[in-house]
Amino acid sequence: MINKTQKGTFITLEGIEGAGKSTHIRYIHELLSQAGKKVLTTREPGGTDLGERIRDILLMQHELNIDAESELLLMFAARSQHLKQVILPALANGIIVLCDRFTDSTYAYQGGGRGVVSEKIDRLANLVHPNLKPDLTLLLDLPVDIGLERASKNGEADRFESEAVLFFESARQVYLNIAIADPGRVKVVNAIRDIDHIQQEIKSILQEHKLC
Ligand code: Z5A
């Protein structure tokens, strides 16, 4: 749903680990910049000094034993700061914001993975970003085993990457359910293919949206 009060465009990339979000966000940034657009790339959790500190707490391996609802609140604390300090000002200035993960990740991981009921996530989403949804979400979809194998090339497993396969299967299923429920916003991209084919499809989607 396009928020009519904003001038910029809010694009999010979603998917399980190793789906290729970092790879393709760089490509999209380049493509849109070459088309003369002002683009800002950011990520969640993170994107601000506070958000990056919260990210460290959430991703680092430690003995803090963070419970699922505390994890959920930390995600939204980081998101609230990110929206106020980075995302909303950029959108108000007509900039295209490319965000590596947003609230769909919370439904997938804290909801699907950790089992937090979606009503609790709905309430926090309504509190932190009422009336704001991404204009376009690219869901890079691939089987969990391939994603985990690709992600393992990025170094040591973090706190999420150490979860069992079932955790990621649940997250993937939630993502696919979101895409079925909101097909106008969420475009599912088959991420099993090679990078060139995926990027051709991403380019076509961006062209359909008149972004390049
Ligand atoms: N999280 C959460 O729980 N709740 C929330 O609300 C939010 C986040 C916002 C950090 O995310 C964690 O936070 C995340 C969920 C949680 N959990 N984990 N883990 P992140 O996005 O920073 O972490 P990530 O998903 O693990 O990122 P990643 O492993 O770096 O995946 P990626 O960015 O999607 O993939 P990539 O780095 O672009 O590619 C991975 C490797 O595969 C790399 O070597 C590529 O060169 C290679 N690759 C990529 N595409 C291909 C293709 N098509 N073929 C072959 N090889 C490929």
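Return the residues of region 178-196 that are surrounded by 12 or more Cβ atoms within 10 Å (Cβ to Cβ) and either assigned to a loop (DSSP other than H, G, I, E, B) or modelled with pLDDT under 95 (or both); say none if nothing qualifies. Within region 178-196, 182, 185, 191, 192, 193 qualify. For region 87-95, the count of residues that are at positive phi, open to solvent by 10 Å² or more (accessible area, probe 1.4 Å) and of a type in the set (S, T, N, Q) is zero. The set of residues in region 1-41 being within 16 Å of the ligand (Cβ to nearest atom), in a helix (DSSP H, G or I) and open to solvent by 30 Å² or more (accessible area, probe 1.4 Å) consists of 22, 23, 26, 27, 29, 30. Only residues that are free of Cβ contacts under 8 Å to residues at least 60 places away in the same chain and within 12 Å of the ligand (Cβ to nearest atom) were counted across region 42-65, and they come to 11. Figure legend. Inter-residue proximity from region 144-170: first residues under 19 Å from residue 66 (Cα atoms) and open to solvent by 60 Å² or more (accessible area, probe 1.4 Å), second residues outside any helix (DSSP H, G or I) and more than 9 Å from the ligand (Cβ to nearest atom), beta-carbon distance below 8 Å, spacing 6+ or different chains. Indicated pairs: 162/61.
Table: residues versus (1) assigned to a helix (DSSP H, G or I); (2) of a type in the set (A, V, I, L, M); (3) within 15 Å of the ligand (Cβ to nearest atom).
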{"position": "80", "(1), (2), (3)": "yes, no, yes"}
{"position": "99", "(1), (2), (3)": "no, no, yes"}
{"position": "107", "(1), (2), (3)": "yes, no, yes"}
{"position": "110", "(1), (2), (3)": "yes, no, yes"}
{"position": "126", "(1), (2), (3)": "yes, no, no"}
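The values are calculated or read from the model by the stated rules, or taken from the named source; none is laboratory data. No experiment lies behind these values; they were computed from the predicted model shown. FYI the Cβ positions are ideal-geometry reconstructions off the backbone, even for glycines, and counts take in every protein chain you see. The protein model used for the area step is the full one, side chains on, heavy atoms only, and it has no ligands, DNA or RNA in it. Shrake-Rupley method; radii C 1.70, N 1.55, O 1.52, S 1.80 Å.
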